[in-house]
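The values are calculated or read from the model by the stated rules, or taken from the named source; none is laboratory data. None of the values given here were measured: they were computed from a predicted structure. Because the Cβ atoms are built from the backbone with ideal geometry, glycine has one as well, and the counts that use them run over all protein chains shown.
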Amino acid sequence: MSGFTAIIQVRRGSSRFRDKVLKKIMYKPLLYHEIRRLQRSRLVSSIVVATTEQSEDKVLKKICDLTNVNIFYGNTHDVLDRYYNAARNFNLENIVRITADCPVIDPKIIDEAISKFIKEGVDYLNNCSIRTFPEGMSVEVFRFETLEKAWKESLWSSEREHVTPYIWKNADKFSQAVLLNPNGNQSDIRLTIDYPKDLILIRKIYRSLFPMNPYFGLDDIIELINQFPDLKDINNDIIKYEGYTKSLREDTIVKTKR
């Protein structure tokens, strides 16, 4: 499949907030909103939901059918393996990595990331290794060959669980670029969903912006927060990057080098 395909990694069994992808926002599941926003991208040609082979995740197919996107069932804990096999199964050339906890992801930022990836001609691009965008706006773009090399060579559990650490830790093996926020550093704003209080904020944002514009962007969110600064207080006590930090604490070698 040519062009750029967004792969959304998703499972119901989140350890921090179970079933968050099915929580309702404006009467629709979180995952539904995220897919619809991705479909507004000018440069993403297709979408794959990469979930697990667990029976509880079969229900996600209903959302995929409703939104007319593909679904792939793969390894539960080795997310890199799931990603790689999803990309191989659909014969993908270029991949846009999005996690399933970003229901306000801005398609304009995705298109900016893809455009810079094409312009720079690199193996890997992200907008989060140098964090200037809010959490919840993270985008990574890479070639299938880059993903395949990471799949073959990643040995540590943290690299397998979080898909791209092997890539961004090895700048000598992969040419890389970073997309910075043209509006300055907005990384103090948290727009991802890992805990119930994150969902409270996102629901407030949707209730304020969705009725007038279902596909509001980051600029609209920033304007709303500037108008009501207390919104940031809802979830600003959550520790950043807690999931990855936990993975590093528990890191083990889980795979032998090929």
Unmet criterion (only one of (1) of a type in the set (A, V, I, L, M); (2) in a helix (DSSP H, G or I); (3) in contact (Cβ under 8 Å) with a residue 40 or more places away in the chain) for VAL96: (2)
Qualifying residue in the stretch 3-24 (condition: touching a helix residue (DSSP H, G or I) at 6+ places or on another chain (Cβ under 6 Å), surrounded by fewer than 21 Cβ atoms within 10 Å (Cβ to Cβ), more than 21 Å from VAL139 (Cα to Cα) and not β-branched (Val, Ile, Thr)): yes
Subset of the stretch 191-217 [buried (at least 18 other Cβ atoms within 10 Å of the Cβ), outside any loop (DSSP other than H, G, I, E, B) and among the hydroxyl-bearing types (Ser, Thr, Tyr)]: TYR206
Residues within the stretch 113-150 that are surrounded by fewer than 18 Cβ atoms within 10 Å (Cβ to Cβ) and acidic (Asp, Glu), tallied: 3
Unique residue being modelled with pLDDT of 90 or more, exposed (fewer than 10 other Cβ atoms within 10 Å of the Cβ) and out of contact with any Ser or Thr (no Cβ under 7 Å at 6 or more places or on another chain) when the list is ASP220, ASP237: ASP237
Counted residues, the stretch 118-136 - those being at negative phi and either in contact with a Gly (Cβ under 9 Å, 6 or more places away or on another chain) or part of a loop (DSSP other than H, G, I, E, B) (or both): 10
Test: ILE193 is touching a Lys or Arg at 6+ places or on another chain (Cβ under 6 Å) and within 30 Å of LYS232 (Cα to Cα): yes
Of the criteria (1) over 13 Å from the mean Cα position of the chain (by Cα); (2) part of a strand (DSSP E or B), which one VAL48 fails: (1)
Answer residue from the stretch 51-71, given it is surrounded by fewer than 21 Cβ atoms within 10 Å (Cβ to Cβ) and in contact (Cβ under 8 Å) with a residue 40 or more places away in the chain and is nearest to the chain's Cα centre (by Cα) among those: ASP57
Residue that is surrounded by the most Cβ atoms within 10 Å (Cβ to Cβ) [pool: residues in the stretch 151-187 that are under 22 Å from ASN85 (Cα atoms), small (Gly, Ala, Ser) and over 18 Å from the mean Cα position of the chain (by Cα)]: SER154
